[in-house]
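Below: one structure, written as structure tokens.
No lab work stands behind these numbers, since they all come straight from the coordinates. Since the structure is predicted, the reported quantities are computational estimates derived from the model, not experimental observations. For neighbour counting, all protein chains shown are included, and Cβ atoms are generated from backbone atoms with ideal geometry for every residue, glycine included.
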Amino acid sequence: MIGIAVIFLGGVITLFLGLNKSESQSVMVLRLFMLISAVLAGAESQGWMDFSSLFNWVPTKMLDFSPFDLAIVSILSFFGFYILSLLPSNDRKGADVLGLIAFALTGAMMMVGSQHLVMLFLGLEVLSIPLFVLAGSDKDNLYGNEASLKYFLMGAFSTAIFLLGAAYTYGGSGTLLLSEIQLKLSFAAHFGEYPVLVKAGALLMSVGLLFKVSAVPFHFWSPDVYEGSPNRIATFMAVIVKVAGFVAFANLINTFSPMQSWMNKWIIPISIITILAGNIAALAQQTVKRTLAYSSISHAGYLMLFLILPMQENQAILGTYLLSYGLGTILLFHLMDNYSSNGVKSFEMFRSIRTNKIDLATLIVGTLSIAGVPSTIGFVAKYQLFSAAFAQNHYAVYFALLGSAISIAYYFKPFRYAMAEQSEVEENPSKEKGVFSQICLIFGISLILIMGILPMIVERIF
Amino acid sequence: MELIFIPILASLIWAILPIKSRSIAAGLGSISLLILLTKYNSGSFPDGLTVVDQPWLGESVRFTLSIDQITWFMLLLTQVLFPLIVMSVKDKNWKLISWAFLMLAGLNGVFMAKDGLIFYLFWELAMIPIYFITLQFSERDNFVTTIRFFIYTFVGSLAMLASLIYLASLSGGSFAYADLLNTQLNHSQSIIIGGGLLLAFAVKIPIFPFHLWQADTYTNAPAQGSMLLSGIMLKMGLYGLIRWYMPLAGESIDFYQPIVMTLAVIGIIYGGIIAIRQDDLKRITAYSSLSHVGLIAAGFFTLNASGFNGGLLQMLVHGLNVVGMFLIIDIIQKNTNTRNLSELGGIAAKYKLFTVLFFIIVIGTAAAPLTSGFPGEFMLLNSVFKFNSMYGVLSGLTIILCAVYMLRIFQKSALGPNETQMTRISFIDYVPLIFIAFTVLFIGLFPQIILEIFPMSLEKLMLDISNAKGVLS
């Protein structure tokens, strides 16, 4: 709850303070609030601080944050801070974009803590509606307009489907509270028969969320939308939406866990298809941004494997995976943004990276982590997820490993231009970088490596 | 632990500071050799000395490193070869040293790891630097070659990871070597698990149909990359075979033994025949390597003492000889700008010492009696012959084929009419060659000294394997 309060306040303050300033000035304020939120929520999740007395008036039936949820809120705030630090702001006047980013982030946090289907829906909408606008925030870009419209239409459809599912669930169970739905289902489990309406509701709500996390076959919007949106917003969609979406998704599936074996019948195939289609489609992409978009689709596939696990014991796995995915994705999006400044969109943009040691290290570490190579946090996350999922279903894990092997072929494409000594260096002036963003990069690299080499640190977080 | 930390530290130093001196690198590289010789004296721990044992991830994975006699022997091989390799780094490629040290850390870890996941971790850690070395410092754009190499090995590694996860799920979640060892497998489980492990090692060794990455990677890699790959990295696969595959999935040996033996014998002859027809010196060495390690793998799969002893001995000898060959090729190429046999000739007329060393290494590789190649190869052939006389005869061809292509190399480049122009060979290039030539003669005369390094641990390992196989022999 503290996260929502701080970020919302930060959004409002930034909007007012930034009224007459250029955006790059007022971004400092929002960054500060995000950092505060990350620290406070993190402290509360570890039990060092307790803010619950401040929010007694919030009905816990609707919105309640467990320590794990607080850790996710802290990570979300940190990712928000990290995105705003590494992906530069434009120089337009007014802080409307920043305000929308802050409000979308509050929506993401509401999704994480929601205990009630209406609250979940509200969070979904508060997250999505600013993003429809943000996707087209670069008004002169034709692709941006396309992205915005496409995202809006897809978002509207998926919301409608989600609502229909919620209505069915209410019809079948008589309640909208997640805990009560679970209770009723576990009664029903004794008779071995589940209400058809609840089954339909679970399926439709999942479809609504699958749209949001862009799992195959509901993924067609995401590469186009990523490509059209400004880089910062695309990163936001790839990271924040997916992190919040998956935590909410896991909560939802956990609600329906008494009929887990029925749900596995469609979760596992969708997961396998997402992994394979995402990775194979990524192979064929020419631009870096689309490749990253398909890579994030394939990661949605790996994450879906988590949904077949019992939620309570395995929360740490989800947290670790989301943390590693977010870190790696932000770093790679940052490099893509930084080196595509003169219009090169293909992998050749990395030709000039060799002159900058920190960027080169970022590229290597980020890529290895997101590909799941050992001694990075990406490996720890993938190993934990796969070995836990292996106990439930062998074949899904074999396909996931196959997907990881395919992914190497495109993750390593940048190295062709970035590393090979014999290819000539072109002067491709990357954007001027401040000391601050370099510190951020070094921080990210060391986070990935330290947590990869000493994974007991990650275990302690969750 | 020092064997891991010092190389990582050195790697960081070279990544940050531009130290271009290869002698300093070689000196720093031999520190770990000193530590190995002084701190971990070989004979004192046949059952394994646990160096470190810390919880790493949850309850299932512990960071366990331990040294027994076989491990010590593999570490010795690595530490001896590493300074020789680093000493030959070209000045313009000094950045390679950082990757090489990182790889050394990975290699040391692979040989010491006593926990399935830690083994996998170091296995990959050793692979990433060599990928970057081959990509970054090759003479032309060889992205396709290196990515093929990486995908081959990565697919193998992932199969191994799947097998280890499967095995650990059967052993109650623990990845510890002892727990994995004690896990009983039924037939179908052992086929799946053993197949995954075997695939990873077969790609790395490489055994015949999985060798397609090898020749191109060796040819395009910088000389040091080829040396690290063939000298040390192949031994990771062979070591994995005897330490991880055979004891852990021994139930499947009966199933895989005929397949692997057949493939290995095919590889021995295939590699030898192809090597005869090549013009590029590096390709010849690559295919000769395929032929030699095929014999070692076949020797291990015969499961008799002669095969294991010969195989371990031959690992060291092959490492030294192949590094020697690549050093010679590197020197020839550095001075003449070619490594095609058709363009070389007449080196002997001008460079007496170089030619003598060249010849010693050539006959060592060709396994002439009283050189280092002979005892190991003899024991291996003996074991294969005992296993199946037909296979023994066929793999015996390797000696003939090897003599043909090795002497062809020597004849065409050192002798012959074609006057190759070479600039002066510096003294520092001679040092590793002299050392290797010395070992060729020394091991050839006194192979027993090497064989006495690991008898007790080998006995224990063979007991584990025969226990796992279910037949006490």
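For this structure, a couple of remarks:
- Each peptide in B:45-55, B:79-89 gets a packing score, the mean of other Cβ atoms within 10 Å over its residues, and the list from highest to lowest is B:79-89, B:45-55.
- Dipole-positive endmost among A:Val216, B:Ser372, B:Leu313 within the protein assembly as shown (Cβ charges, Cα centre): B:Ser372
- For region B:345-462: span of alpha carbons on each principal axis (Å, largest first): 53, 32, 19
- Helix A:242-255 and the longest principal axis of the Cα set of chain A meet at an angle near 10°.
- Separation of region A:65-90 from region B:130-174 is 33 Å, based on Cα centroids.
- Nearest-ten-degree value, helix B:96-112 long axis tilted from longest Cα axis of chain B: 30
- Karplus-derived 3J(HN,Hα), 6.51/-1.76/1.60, for each residue of region A:436-453, Hz, glycine and proline x: 4, 6, 5, 4, 4, 5, 4, 4, x, 4, 5, 4, 4, 6, 4, 6, x, 8
- For the protein assembly as shown, the Cβ-based charge dipole about the Cα centre amounts to some 1340 debye (Lys, Arg positive; Asp, Glu negative; other atoms uncharged).
- Along each principal axis, taking the top coordinate minus the bottom one, the Cα set of region A:327-399 gives 48, 22, 16 Å in descending order.
- Ranked list, fewest to most other Cβ atoms within 10 Å of each Cβ, for B:Lys235, B:Lys412, A:Lys357: A:Lys357, B:Lys412, B:Lys235
- The phi torsions of region B:86-93, fed into the Karplus equation with coefficients 6.51, -1.76 and 1.60 and a -60° offset, translate into couplings of 5, 5, 9, 5, 5, 4, 6, 9 Hz, rounded to whole numbers, with Gly and Pro shown as x.
- Signed unit charges on C-beta, dipole axis of region A:1-125, positive-most listed residue A:Leu84, A:Leu19, A:Leu100: A:Leu19
- Ascending count of other beta-carbon atoms within 10 Å, so fewest first, for B:Glu452, A:Glu146, B:Glu124: B:Glu452, A:Glu146, B:Glu124
- Packing, taken as the mean count of other beta carbons within 10 Å per residue, orders the peptides B:103-116, A:201-214 from highest to lowest as B:103-116, A:201-214.
- Relative packing of A:153-166, B:208-221, which averages over residues the other C-beta atoms within 10 Å, highest first: B:208-221, A:153-166
- B:Leu49 long-range amide H proximity, modeled H, under 5 Å: B:Ile67, B:Asp68
- Toward the positive end of the charge dipole of region A:1-122, with +1 on the Cβ of Lys and Arg and -1 on the Cβ of Asp and Glu, the farthest Cα among A:Gln46, A:Leu9, A:Gln115 is that of A:Leu9.
- Our coupling estimate for region A:74-87, obtained by passing each phi through the Karplus curve with A = 6.51, B = -1.76, C = 1.60 and θ = phi - 60°, is 4, 5, 4, 4, 4, 5, x, 4, 5, 5, 5, 7, 8, 9 Hz, Gly and Pro reported as x.
- The modelled label-to-label distance for the pair A:Phe191/B:Ile191, using points 7 Å beyond Cα in the direction of Cβ, is 4.6 nm.
- Distance violations [Cα-Cα > 24 Å] among A:Lys413/B:Lys282; B:Lys90/B:Lys282; B:Lys282/B:Lys412: A:Lys413/B:Lys282
- Once the Cα atoms are used to define both axes, helix A:96-113 deviates from the longest principal axis of chain A by about 40 degrees.
- Percentage relative contact order, chain B, counting C-alpha pairs under 8 Å, at least six apart: 16
- Here the dipole of chain B is about 1140 debye; that uses its Cα centre as origin and unit charges on the Cβ of Lys and Arg (positive) and Asp and Glu (negative).
- Cross-link partners of B:Lys334 among aspartates and glutamates, defined as those whose alpha carbon lies under 19 angstrom from its own and excluding same-chain residues fewer than eight positions apart: A:Glu421, B:Asp91, B:Glu139, B:Asp279, B:Asp280, B:Glu343, B:Glu419, B:Asp429.
- With eigenvalues of the C-alpha gyration tensor scaled by 5 and rooted, region B:2-469, Å: 34, 26, 20
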